[in-house]
Structure formats: C-alpha cells, structure tokens
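Please read the structure below before turning to the comments.
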Amino acid sequence: MSKQPTSRKWLVPAIVIVVAGGAGVAYYGLRSKPPMAASVPVIAASPADEFIATVENTDQRPDPAPDGMVWIPGGEFSMGARSPMEASDLVGMQATTDSRPIHRVAVDGFWMDATEVTNEQFSRFVQETRYVTVAERTPTAADYPTAAPENLKPGSVVFAPPDRAVPLDDHFQWWAWVDDADWRHPAGRGSSIKGKEKFPVVHIAYEDAQAYAKWAGKRLPTEAEWEFAARGGLSGALYPWGNNFKENGQWMANVHQGNFPNIDTGADAFVGIAAVAQYPPNGYGLYDVGGNVWEWTSDWYRPDYYRELAASGAVTRNPKGPDVPFDPSEPAERKRVHRGGSFLCTDQYCSRYAVGTRGKGEITTGTNHLGFRCVMKAGAT
Ligand SMILES: [Ca+2]
Ligand SMILES: [Ca+2]
C-alpha cells in the first residue's frame, strides 16, 4: 500500500472530498446544560440560533418492529450546532460554520436501523443480487478522460497513517488511493472481512448505499431524520448521549485517541474500526451515531442550507435538503451530507462526532471510514 496519495489527477478530487467530509475541527464554547426533552408541547418557533426543547410526536409506535430497527417517534426539534466562540475554535477547522443557525424542524416518525449496516448484511444483499459496488468497477476512459490508461483500475481511498507526527494541514499525508480496496478488502488486496461480519461495511459510494436500501425495502435517512434520531430525545446536547464526552468515566463512542494521524492508542478499546454496537445506545436505541463510521444521508450538501431554512422563520416539515449541491471549496463536485464522524475523529483534528455538525462527501467516493444505515416509513411492515 502506498503511503502517499496517488498522483492520478482523477483521484485527487476524490481524496480531497473525502477528507473535507471528515476533517473539520472545532471545540464548542458550549458547556452549559441544555434542556431535556419536554413533556409538554412547545408551540413557539425557535428563537434564532438557540436550542429549545424537543417535542416528540405522540402517535403510537406501530408494530411489529422490523428486524434490527428501532422506532424514532419524530417530532419538532432544534437542528444544528451552537456557534462556537471563534477564539476557542482552536485548530481553525470551523466545524460549525455550515451547521448554523440552529433552526426548528419537524419530522414524521420512522423506523431506523439500530446499527450501521454490517458486512454480514451487505453480503446477503450482494449474494442475492450480484451487485457490484462502485469501488469494484473498473473506471472507464470516458468517465475519466484525463487519467492515464494504466491508472484506470478499481480501488478506493484508505487511511494510511504516516509513521511520525505531521502538520495537520496536508491530508495527503494520511489518505492513499489503494488499488483493489473495496468492501470485501477494506485495506486493499490481501485484506479481508473474514471474522468481521459484525463490522460496518465500508468503501460504500452513495449509489451502493441506495441500492442496498432499495433491496431491503428501506431508504437512506434525510439529514433532518438522521439528526432527530441521533439526538435521542435530548435537545442541544453536544453528543448523542449528553454533554460529557465520557459518561462516568466510560467511553461512549469509537473515536481516535493519541496523536492524529500517526498514533491511535485505542484508549476507547478500539484502534481503528470496531464491530457495531460496542458502546451504549442513545435514547432511541441507536448505536454508533457518534463515531465508528460516517454515515450517508440523502440530502445534497450546501453550506448555506440552514441559513435558507432559518430565514423562512417557520418550522420546516420533513426537509429533504437543497435541490442542487454546492460546496464552494470544490464547486465542481456533487456532494451529499455525511453524519456522525468516525473512528478517525478526534478533538485534536475532527470533532464532527458532535451531534449537530455535518460532513460531506462526493457521491462516487467511498473510504474505509464511511458507511451508512437505513430508515423505513411507519406502516411499511
Ligand atoms: Ca478508537
Ligand atoms: Ca456512525
């Protein structure tokens, strides 16, 4: 495996996009305790850029529960992340600039996979359908006209940490294109998922996730559904489980400790990726909505989308994202929103396991820290 990113021009955008999705840093100034979910309805619209209580829908939970899914009641909630004190945004990655202002959103109830989709589950889909993921397909000259013919090989982007500390302003130091990396071979040729049946499937492009969801009779969550679910009934908490990164001294998510990117000490019990559901679930019974692997949502990415919704002054019902994607840092790329952070996130470099923050990724690009989970509408079973 190369320790350096490829020089293939057609891969460079992919790598930049991947890292942009997972690299933001900010440590919030927020330390105050937010209100818990209210037991009485709150009718008023949210004051600008403030969290107010979550009001869950009171519809009865439909039965039976689909296998491996939990009921998310939906309701009205405050979506987004609190503005950091700019002076405390120590590393300057501005993790909340695209998740402001906080605005009021309502979503209908739905079922959601309790865990990230696993290798075992994805294998069943592939066995039944013979589906071939994007990473396994040989890129064509028609799609990548500037690529040298010898570079048109299947593969994906893999975290390949350097053996020493490096400045954090050059992600090419720790991401590499690896020929033949795909969901069955997460680190490239010679690697396998044997014994990793309960690990989240990775190297999944957006269309791969969509294909699986369709086969399973499900769909991908909207960004609003994902955030409502991940908050677990809490309002304005920093994390899916509350405001303390460790609860009573206990690690609550698989993230990165040590020194990013070269030393992952695994103080949280896992170096790198972990099997799903190794930490306590959130208030709705969802595992790993913070950390382990990033998760696709169905919304196109735009950094100004929340500003647009907030400007309407109304509660937005079931938002589905902007009509077209736009990322000013890479305007030619089409990106959708990623959520939840990964085993590579650290307060040193990427704090986007914080529940209101957003990630983004070019839709044909998978990595070994990106997966997904699905949702299903009420009454579908
Ligand atoms: Ca870890
Ligand atoms: Ca996750």
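Looking at the square roots a ≥ b ≥ c of the eigenvalues of the Cα gyration tensor of region 170-225, which shape do they give, rounded for a/c under 1.5, prolate if a/b is larger than b/c, or oblate? Note, shape of region 170-225 comes out oblate.
Pairs from the list K246/K335; K153/K198; K198/K218 with a Cα-Cα gap above 24 Å: K246/K335; K153/K198.
Can you tell me how region 95-140 classifies by the Cα gyration tensor, rounded, prolate or oblate, using a/c under 1.5 as the rounded cut? In terms of gyration-tensor shape, oblate. Taking a ≥ b ≥ c as the square roots of the Cα gyration tensor eigenvalues, region 170-273 comes out oblate, since a/c reaches at least 1.5 and a/b does not exceed b/c. For region 260-267, putting each phi into the Karplus relation 6.51 cos²θ - 1.76 cosθ + 1.60 with θ = phi - 60° gives couplings of 6, x, 8, 10, 10, 6, x, 4 Hz, in residue order, rounded to whole numbers and with x for Gly and Pro.
Compared with the alpha-carbon gap, the fully stretched path from R317 to D170 is longer by 48.9 nm at 0.36 nm per residue. Once the Cα-Cα distance is subtracted from the 0.36 nm per residue extended length, the N259 to R61 segment shows a gain of 66.8 nm.
Taken together, the values in this text are just the output of simple stated rules run on the coordinates, not laboratory data. This is a predicted model, so every value here is computed, not measured.
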